[in-house]
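Visitor: The structure that follows is given in the form of structure tokens.
Please treat every number below as a calculation from the coordinates, not as lab data. As the structure is a computational prediction, the values presented were derived from the model and not from experiment. Please note: Cβ atoms are built from the backbone with ideal geometry, for glycine as well, and neighbour counts cover all protein chains shown.
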Ligand code: PHE
């Protein structure tokens with residue numbers, strides 16, 4: 001028998017045209033080109049024909065094979081590109097994109113910048129000092145005697161490593177920012193006015209109000225005729241700018257080896273306005289910073305001529321200020337890196 005190739009061509013064309021997806025066109029391909037397909041049957045049939053008919057018939061089958069192979073390939077490409085175009089249509093370009101949140105400054109950095117900028121407006125420069133200090137700068141030059149308890153190994157982190165240039169220099173992690181006073185005065189002559197923000201270290205057990213590392217801001221102003229009233233005026237302006245005009249202040253006599261006279265500064269609790277609440281432990285007052293007039297022994301240590309200058313100095317704890325300002329009850333929150341806390345500021 002022989003096949004009617006024209007009819008076969010027409011039928012196969014129609015089937016290929018009707019195939020709507022990859023599955024259907026694959027079914028058509030198997031029907032014709034598969035191992036048990038039409039083409040296989042045609043080739044098998046060839047062997048039943050008389051020898052002289054075979055070349056002619058074989059040519060027709062090959063031609064038929066080539067035509068439908070090409071048609072099927074074209075149809076497949078067509079289906080794939082249509083499907084792609086279809087999925088493009090599903091892309092809704094009006095949907096808002098994925099937002100990649102950008103971070104913001106840590107609340108302690110914000111406090112430091114706010115405080116420093118208040119002092120910059122008052123004419124102070126911002127300086128920094130190293131966290132690894134000499135025992136001389138941290139204690140001796142600040143008139144802190146050798147037997148003072150804060151010099152004890154339990155209250156200061158001493159470093160084993162000695163300064164390679166001088167075997168007699170003991171190094172430590174500064175326990176306050178006051179050694180920066182020494183560095184600044186050794187480098188500059190008065191008049192000078194600087195604030196120094198930075199980290200300080202003390203071997204305290206960590207709890208809600210203590211950490212082995214925290215931040216301070218040191219202030220130093222030295223000139224020919226600086227008075228205690230300048231200190232009071234300066235800190236009054238500063239604290240009112242930071243906490244609001246309404247707060248009241250008081251200077252309580254205190255002792256620091258490197259200032260004389262010395263005072264601690266309290267502000268009326270700006271939360272309860274002096275009534276007494278949990279932030280001020282019902283006292284109505286918040287202890288906020290230490291200050292005083294630079295001790296003559298400190299001027300002596302930095303080599304300033306005797307009696308020529310007077311100065312004021314102050315120091316404050318950044319964590320404590322921030323906790324008071326924002327009603328934060330646990331210092332550990334600053335360092336735990338919990339986004340839920342940090343995001344609030
Ligand atoms: N260095 C003091 C402290 O850490 C604070 C202070 C600084 C007091 C400057 C007076 C003058 O407690």
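Visitor: Springs between alpha-carbon atoms under 10 Å, Gaussian network over the chain: tell me which of 62, 170, 138 tops the mean-square fluctuations.
Guide: Highest fluctuation among the options: 62.
Visitor: Continuing with the same structure: Once the Cβ-Cβ distance between residue 240 and residue 95 is put in as r, and R0 is 45 Å, what FRET efficiency do you end up with, to the nearest 0.05?
Guide: Step by step, r from the Cβ atoms, then E = 0.35.
Visitor: Sticking with this one: Angle check, please: helix 5-18 long axis (alpha carbons) against the longest principal axis of the chain (alpha carbons), in degrees 0 to 90, nearest 10.
Guide: Its long axis makes an angle of about 30 degrees.
Visitor: With n ≥ 4 as the cut-off for DSSP H runs, can you work out [θ] at 222 nm for the chain, using -39500 (n - 2.57) per run divided by the number of residues, rounded to the nearest 500?
Guide: -12000 deg cm²/dmol
Visitor: Please determine, in degrees from 0 to 90 and to the nearest 10, the orientation of helix 22-33 with respect to the longest principal axis defined by the Cα atoms of the chain, where the helix direction is its Cα long axis.
Guide: Helix 22-33 sits at roughly 30 degrees to that axis.
Visitor: Next question, about the same structure. In whole Å, how far is the Cα centre of the range 287-329 from that of the range 25-73?
Guide: If you average the Cα positions of each part, the centres end up 100 Å apart.
Visitor: Please give the helix 228-243 orientation as an angle from the longest Cα principal axis of the chain, in degrees from 0 to 90, rounded to the nearest 10.
Guide: 30 degrees
Visitor: Something else: Considering the chain as a Gaussian network with a 10 Å cut-off on Cα pairs, which listed residue, 288, 67, 95, attains the greatest mean-square fluctuation?
Guide: 67
Visitor: Turning to a different aspect of this structure: Of 158, 201, 43, which has the largest mean-square fluctuation in a 10 Å C-alpha GNM of the chain?
Guide: Looking only at 158, 201, 43, the largest GNM fluctuation is found for 43.
Visitor: Show me 86-94, 225-233, 334-342 ranked by packing, highest mean number of other Cβ atoms within 10 Å first.
Guide: 225-233, 334-342, 86-94
Visitor: Work out the FRET efficiency for residue 102 and residue 17 from their Cβ-Cβ distance, taking R0 = 56 Å, and round it to the nearest 0.05.
Guide: It comes out at approximately 0.50.
Visitor: Give me the distance between the Cα centres of the range 216-236 and the range 238-274, rounded to whole Å.
Guide: Result: 13 Å between the Cα centres.
Visitor: Find the relative contact order for the chain and round it to a whole percent, using C-alpha pairs within less than 8 Å whose residues are 6+ positions apart.
Guide: 14 percent
Visitor: For residue 125 and residue 5 in one chain, what is 0.36 nm times their gap in residues minus the Cα-Cα distance, to one decimal in nm?
Guide: Additional length available on full extension: 33.4 nm.
Visitor: Between residue 229 and residue 283, what length comes free when the chain is fully extended (0.36 nm per residue of separation minus the Cα-Cα distance, one decimal in nm)?
Guide: 16.8 nm
Visitor: In whole Å and largest first, what semi-axes does the C-alpha gyration tensor of the chain yield when each eigenvalue is scaled by 5 and square-rooted?
Guide: 91, 25, 18
Visitor: So between residue 48 and residue 335, what do we pick up on full extension, going 0.36 nm a residue minus the alpha carbon distance?
Guide: Gain in length upon complete extension: 94.3 nm.
Visitor: On to the next question. First check a/c for the range 217-341, with a ≥ b ≥ c the square roots of the eigenvalues of its C-alpha gyration tensor; if it is under 1.5, answer rounded, and if not, answer prolate when a/b is larger than b/c or oblate otherwise.
Guide: Verdict is prolate for the range 217-341.
Visitor: Between residue 148 and residue 82, take the C-beta separation as r, use R0 = 56 Å, and let me know the FRET efficiency to the nearest 0.05.
Guide: 0.05
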